[in-house]
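One structure is given here, and the rest of the page talks about it.
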Amino acid sequence: MSLQSVPQPSEALKPSEPGWLSLVKTVEQLAGAAELSDIIDIVRTTARDISGADGICFVLKDGERCHYVDENAIAPLWKGKRFPLSTCVSGWCMMHDQTAVVTDVFDDARVPVDAYSPTFVKSMVVVPVRNEVPVGAIGFYWAHKRSFEKEILGLLEALGRSASAAFAAVKARESWRESQQSLALALDAGGLGAFEVDLTDGSVKATKACADLFGINGETPLTLSALLEKIDPADRAEAGKVFGSELMPGGRSDAIYRLRRDGGLRRVELQSRLVFDPDGRPCRVSGVVRDVTERFEAKERLDALMAETLRASRLTDLGAMASALAHELNQPLAAGNNYIKAAERLMAKDPEKALDAMSKAGMQFVRTKDIIQRIRGFVGQGQASRKGENIESLLQEVLELARIAARHHGVTVHLKVETGLPMVELDRVQIEQVLFNLLRNAAEALENQPTRQVTVSAVQKGEMLEIRVHDTGPGLSPEIAENLFMPFRSTKEGGMGVGLSLCRKIVDSHGGKLWYEGSEITGEAGASFVFTLPLHLTAI
Ligand code: ADP
């Protein structure tokens, strides 16, 4: 008989029937089953009442065999035994995913007579227990031959369906537990602690690794204030948001905070996200935390090293520019001196002209002051810090200084900047250094060249800003181009060959790329060094 032809409980059973009442109670019990053994227990103790059968068996599929796990019968059946699926009625029921109805065990081809002859069984019904596919069966046995009305079949199949639902719930709980265990393992392996804050009552659940990371031992109750207490006061207010409903837009947050533990200062990275209830209200914040002190300190050391290298490289640049700078400063100083001398001469006969000469001298000295200030700014300590910058003003500033050196070598520098470029988030000192290195290389490549032109251009390409430094020099031979960005490769006498490798590191750390394009790519004679920077679309 197929499942479709079995009447549903609503049409098969009337509420007053005792079997139906027992079934309702059993369904309630099954709903609370936590383990497979609970399901088996419940079925064993209730199935006979529901069905009025002389015996019942709970059978589980065990590979290609039926395992008679438990029974409750007037005389022993097959508890603990296993039979091939193809040789028993519960096997047939599972393989066909159908109820097996046997009105006479000695007159049904599916019944292995040898297994049944020693028992009291004369008739039976076996219903499948399924998760997605049949996983077991419940057998109901009678000590006499009988037919089965649709009402009784409906009742038995309803029990089979309830046991199936309970089975699915147990399996779901098991796989949830397993995934929790794998999650815990993965968290441990990644040195991560996990926490969850219930926004309705502020209670906190956290893994041991999380409590350890915060330095909270078993005696202190794990509360939100106990966690925040450990965060350095300077970061506490910000960190408080990570545990609350005011997270960053998008309901996520990821930041590093200072934490005081064991008398020392640690850095922890907190990542959290808001969880919403079915009505869309924030109900929980769950997140992970990890100790990043070592990584943080290594990065700080690296940044300090990079800043120092930059400074050293700037001083070298200035050293190389010394004569150009001296010349650049001499010009306004000499001009200013001349104006002062003229003013002295004019003082008596034409005070008005003398005054004019004095103010012209003043302008020359301001020019000198500007140049010195620019040099000071260029050599400055240069603490790494990123903020939104206007790229055009940055380019103009670098070019001012670079032009001093370039003019000295008879090189002209042009600037082409696309209008309306968005702000770019960058470390000004570092990007200035990249440009300065590229410009210095270009100027050096132009020595003894008939045309000495450098063009710096900036355009937006999608979400990136592209800056190109093109010179009309000889370009690079393939051998030099091949390992161009490796440190300590220089074709210059006294060249360090670290300029381009440092430039690439800086650009990389900004999330951009730096590369070389020769005339075979650009179609123009000379060398092009191109770099990109991600545009953070902050309004200009
Ligand atoms: P350095 O300038 O100290 O040699 P870099 O890393 O800045 O170190 O440059 C490495 C080499 O790349 C240079 O020695 C030079 O041969 C070559 N190079 C760099 N820029 C250019 C350019 N614009 N034109 C031709 N060659 C260049």
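Results, tabulated for the structure shown:
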read-out	value
Per-selection Rg to Rh, segment 308-376 - Cα, Kirkwood hydrodynamic radius	1.22
Close Lys-Lys pairs in segment 74-222, where close means Cα under 21 Å and separation is 8 or more or interchain	4
Most to least packed among 410-416, 281-287 [average Cβ atoms within 10 Å]	281-287, 410-416
Mean separation of Cα contacts under 8 Å (6+ apart) over length of the chain, as relative contact order %	7
Cα-based shape type of segment 114-195, given that a ≥ b ≥ c are square roots of the gyration tensor eigenvalues and the cut on a/c is 1.5	prolate
Reachable lysines from K25, criterion Cα separation under 20 angstrom, eight or more residues apart if same chain	K14
Of all accessible heavy-atom area on segment 386-540, the percent that carbon and sulfur account for (1.4 Å)	51
Accessible area (Å², 1.4 Å probe, nearest 10) - R290	70
Net charge of neighbours whose Cβ lies under 14 Å from the Cβ of P534, counting Lys and Arg as +1 and Asp and Glu as -1	-3
Over the chain - Rg/Rh using Cα atoms and the Kirkwood inverse-distance radius	1.32
Placed amide H near E71: partners under 5 Å, 5+ positions off or other chain	F58
Sorted peptide list for 438-451, 200-213, 89-102, criterion being average Cβ within 10 angstrom, highest first	89-102, 438-451, 200-213
Cα gyration tensor, segment 168-252 - rounded (a/c under 1.5), prolate or oblate	prolate
Accessible area expressed per residue, segment 170-265, with surrounding protein chains retained (probe 1.4 Å, Å²)	60
S182 - accessible surface, heavy atoms, 1.4 Å probe, Å² rounded to 10	70
Overall form of segment 391-451 per C-alpha gyration tensor (a/c, 1.5; a/b vs b/c)	prolate
Spatially proximal lysines relative to K360 (Cα-Cα < 20 Å; intrachain offsets below 8 disregarded)	K341, K349, K369
Sequence-separation-based contact order of segment 323-455, relative, with Cα cut under 8 Å and 6+ spacing, percent	24
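The values are calculated or read from the model by the stated rules, or taken from the named source; none is laboratory data. It should be emphasised that the depicted structure is a prediction, and the values quoted were computed from it without experimental measurement. Here the Cβ is made from the backbone with ideal geometry for all residues, glycine too, and neighbour counts use every protein chain on show. Calculation scope for accessible area: heavy atoms of the full protein, side chains included, ligands and nucleic acids excluded. Shrake-Rupley method; radii C 1.70, N 1.55, O 1.52, S 1.80 Å.
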